[in-house]
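Data block below; observations after.
The values are calculated or read from the model by the stated rules, or taken from the named source; none is laboratory data. Quick caveat, the model's predicted, so the values are computed rather than measured. Neighbour counts are summed over all protein chains in view; Cβ atoms, including those assigned to glycine, are modelled from backbone coordinates with ideal geometry. Only protein heavy atoms, including side chains, enter the accessible area calculation; ligands, DNA and RNA are left aside. Shrake-Rupley method; radii C 1.70, N 1.55, O 1.52, S 1.80 Å.
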Amino acid sequence: MDFNLSEEQKLLADSVESWLQDKYDFDRWRKLVKTDLGYSEENWQTMAELGWLCIPLPEDHGGLGGGSVDTMLLAERFGRHLVAEPYFSTVILGAGLIMAAGDAKQQAEYLPQIAEGKAKWAFAFAEHGGRFALNEVRTKAVKDAGGWFISGKKIVVRDAPSASKLIVLARTAGGDADETGLGLFVVDANGAGVSRQDYRTVDNGRAADIAFEKAPALAVLGDPAGALPAVEKVVDQAIGYLAAEAVGAMAALHETTLAYAKTRKQFGRAIGEFQVIQHRLVDMMMQLESARSLSLLANLKMDAPAKERAKAAAAAKVQTGRSGRFVGQQAVQLHGGMGMTDELNVGHYMKRLMTIDTLFGHADHHQRRFAALSD
């Protein structure tokens, strides 16, 4: 297995970091997340112009044909700078599901719009009582002479307030927990039968709880009764992306805390000179590097057989969840009371890490998943 980045990947990482350092400092981020939209439409169009939105998309549909390692490089830099634009929801989840389940005609219709920054997507999958199980679905899809219609409720749909299209995981047959009888349906986010309750998440993102009352589906992605394998594949890819984003956030926290320890004085000395503080900083670095290793492994395994891919994703989720909690707590504690103030970036990184831990299942959930896959 080759762990070395290609020259093109190195250039991508450097160019993304350079742009973010120049255009996406913490003060600008604070202003963006306080707006109604929660991010910058100008930044989104710039990302499209720079080719970031089309990195993982196939070349036949305006993409660059990149893989999970390429988006991993992007995610790590996004995590360092708390990027708020809906890249994860639109490109990783939305485009990912279209590529995994959609037919050639649907891909030709939807993917170029994403690549050009003309469409934003959100994935509506979670429901009350689901406890991170993707097959726990009560939302129904019923077909009649007029097509498919969706009824039910989805919760915590990330970036739904600004999405133009929703991909809804709905049940067409079977019981509430069956792994078969699930389909992926494209729904107009502002269409008939769709009502939203928008809110701001703890990490300053945007999400919505959505009720569907016989909402007409614009399209069905793939088999309307066999969508779960495609969903599991794309969710594992999303976990790989989130693991890399968490690594970027942890790296920023470690660097910020190390710099603070060199300047903050107590008893006439910089606190970084005290051995106990040095040990805690080293522990933070060890947790960061452990998470980085498993993040890289997960992204390298995305094209492996399903079980191998799932185990790598679960391992990465466990490690980044626990490492993120440790690094975040240490950073806050070493900064003292100011660590959780709005004016300092430390608390915002920790909130993002806690959110990443919860998305698609926390560390304990994925430890059980890893054990089940190892039987």
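Structure notes:
- Pairing residues of the range 89-103 that are under 14 Å from LYS118 (Cβ atoms) with residues that are open to solvent by 10 Å² or more (accessible area, probe 1.4 Å) and acidic (Asp, Glu), at Cβ distances under 8 Å and at least 6 apart in sequence or on separate chains, gives THR90/ASP159.
- Subset tally (residues that are closer than 30 Å to LYS301 by Cα and touching a helix residue (DSSP H, G or I) at 6+ places or on another chain (Cβ under 8 Å)) for the range 236-283: 20
Results for (1) out of contact with any Ser or Thr (no Cβ under 6 Å at 6 or more places or on another chain); (2) on the phi > 0 side of the Ramachandran plot; (3) open to solvent by less than 20 Å² (accessible area, probe 1.4 Å), shown as yes or no for each residue.
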{"position": "THR71", "(1), (2), (3)": "yes, no, yes"}
{"position": "LEU74", "(1), (2), (3)": "yes, no, yes"}
{"position": "GLY94", "(1), (2), (3)": "yes, no, yes"}
{"position": "ALA108", "(1), (2), (3)": "yes, no, no"}
{"position": "ARG131", "(1), (2), (3)": "yes, yes, no"}
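- Of the residues examined, THR358 is one that is under 30 Å from ARG30 (Cβ atoms), among the hydroxyl-bearing types (Ser, Thr, Tyr), under 16 Å from the mean Cα position of the chain (by Cα) and open to solvent by 20 Å² or more (accessible area, probe 1.4 Å).
- Scope the range 262-282; condition open to solvent by less than 70 Å² (accessible area, probe 1.4 Å) and either touching a Lys or Arg at 6+ places or on another chain (Cβ under 8 Å) or of a type in the set (A, V, I, L, M) (or both); matching residues: ALA270, ILE271, GLY272, ILE277, LEU281
- Residues located in the range 291-335, provided they are small (Gly, Ala, Ser), over 19 Å from VAL235 (Cα atoms) and buried (at least 17 other Cβ atoms within 10 Å of the Cβ): SER323, GLY324, GLY328, ALA331
- Answer residue from the range 151-167, given it is hydrophobic (A, V, I, L, M, F, W, C) and out of contact with any Lys or Arg (no Cβ under 7 Å at 6 or more places or on another chain) and is most open to solvent (accessible area, probe 1.4 Å) among those: VAL156
- Among the residues of the range 246-269, none qualifies, meaning not one is acidic (Asp, Glu), in contact (Cβ under 8 Å) with a residue 40 or more places away in the chain and either assigned to a strand (DSSP E or B) or farther than 23 Å from ALA189 by Cα (or both).
- Flag if ASP223 is open to solvent by 20 Å² or more (accessible area, probe 1.4 Å), in contact with a helix residue (DSSP H, G or I) (Cβ under 9 Å, 6 or more places away or on another chain) and in a strand (DSSP E or B): no
- Lone qualifier among ASP36, ASP14 - being out of contact with any His (no Cβ under 6 Å at 6 or more places or on another chain), open to solvent by 50 Å² or more (accessible area, probe 1.4 Å), free of Cβ contacts under 8 Å to residues at least 24 places away in the same chain and assigned to a helix (DSSP H, G or I): ASP14
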